[in-house]
Structure formats: C-alpha cells, structure tokens
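Report on the following structure.
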Amino acid sequence: MSELPDYYFRVRDNGAFVFRVDTENRHRRIEMDQIAVVNIRNGEIKPQGHRKLTDEDLDQIRGWMQDRIALLARRDIDDIHRAADYLNTTTHWAQSRATDEQLDAVTDALLLAMHDLRSVLVRKKADRMLAEAAREGGE
C-alpha cells in the first residue's frame, strides 16, 4: 500500500485549502487538519486560525502553487488547441451536414465570435511584430 502524502490540497477557484494529513494517530484513521488557504492568483498564503506555518509547510505550499500554475498554463494552451480543432470540425459540419435551419441558428453567433477573435489575434500579432522590429532596430 502506498503512503499518503503529508499534505492535501483541496482545489478551489484560484487556489486551494491546505490540509496536513495525519495517519499516525492512536485510532489509525486518516485525519486532515486544515492549516491554510492559498490563492495562486495573488500568491497569498493565509494560515488557518491562529496557526503558525512551519518552513516545511511553506515550502510544500509554495511548491504546490508553482506546480498548479504550470498545470493550469498547460491546460489553457491545450484548450486553445482543442478550440482550433473544434473550429475545423465546425467548418466541416457547416459545409457537409448542417441544415439551413441549423445554420440560421448559429451563423450570427459564430460570425461575431470569429470576427472578435480575428480582430484580437491580428492586433496582437501586429503588436508583437512592431515590438520585434523595435528590438532589432535598437540593437
């Protein structure tokens, strides 16, 4: 049987509730003692109650926060790749299977969303190109 970790992080929006896990008690039950609440958006670590967090607690919490931020960043980019795939699937559906009624139901919403996305992407690409040209011109 694998050993349980010393800390458990109950994920919530923007962070987690942090528990210290104890299996070394007289009843041999799993006990979880909430020690902190963390917010990965602003980096805040709030001890629970009047508790003082140890250096080990803080190291574990900061490590989890770094890992969580990296995981969420990977998920974000994966979602965007899926969105591109879904746009391709939607294009195929619209061209090959969609009825006139179905197209009427979704065309305006799709056109507006795609126009908005295209505008943002074009502006951001232009900004990056200008910034790159400025860096190259300044060297």
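Exactly one residue out of ALA98, ALA94 is surrounded by 11 or more Cβ atoms within 10 Å (Cβ to Cβ) and either outside any helix (DSSP H, G or I) or in contact with a helix residue (DSSP H, G or I) (Cβ under 6 Å, 6 or more places away or on another chain) (or both): that is ALA98.
If we scan segment 47-60, do we find a residue that is under 17 Å from the mean Cα position of the chain (by Cα) and assigned by TED's automatic domain parsing to the domain that holds VAL11?
Of the residues in segment 47-60, the ones under 17 Å from the mean Cα position of the chain (by Cα) are none.
Within segment 47-60, not a single residue is under 17 Å from the mean Cα position of the chain (by Cα) and assigned by TED's automatic domain parsing to the domain that holds VAL11.
Residues in segment 46-64 that are farther than 18 Å from VAL21 by Cβ and part of a strand (DSSP E or B): LYS46 alone. Is one or more of the residues making up segment 46-57 surrounded by 13 or more Cβ atoms within 10 Å (Cβ to Cβ) and among the hydroxyl-bearing types (Ser, Thr, Tyr)? There is no residue in segment 46-57 that is surrounded by 13 or more Cβ atoms within 10 Å (Cβ to Cβ) and among the hydroxyl-bearing types (Ser, Thr, Tyr). Would you check if LYS125 is out of contact with any Leu (no Cβ under 6 Å at 6 or more places or on another chain), among the basic types (Lys, Arg) and part of a strand (DSSP E or B)? In short, no.
Are any of the residues in segment 65-80 in a helix (DSSP H, G or I) and touching a strand residue (DSSP E or B) at 6+ places or on another chain (Cβ under 8 Å)?
Checked segment 65-80: at least one residue is in a helix (DSSP H, G or I) and touching a strand residue (DSSP E or B) at 6+ places or on another chain (Cβ under 8 Å).
The values are calculated or read from the model by the stated rules, or taken from the named source; none is laboratory data. Quick caveat: nothing in here was measured; it's all calculated off a predicted structure. Every residue, glycine among them, receives a Cβ derived from its backbone with ideal geometry; neighbour counts consider all protein chains shown.
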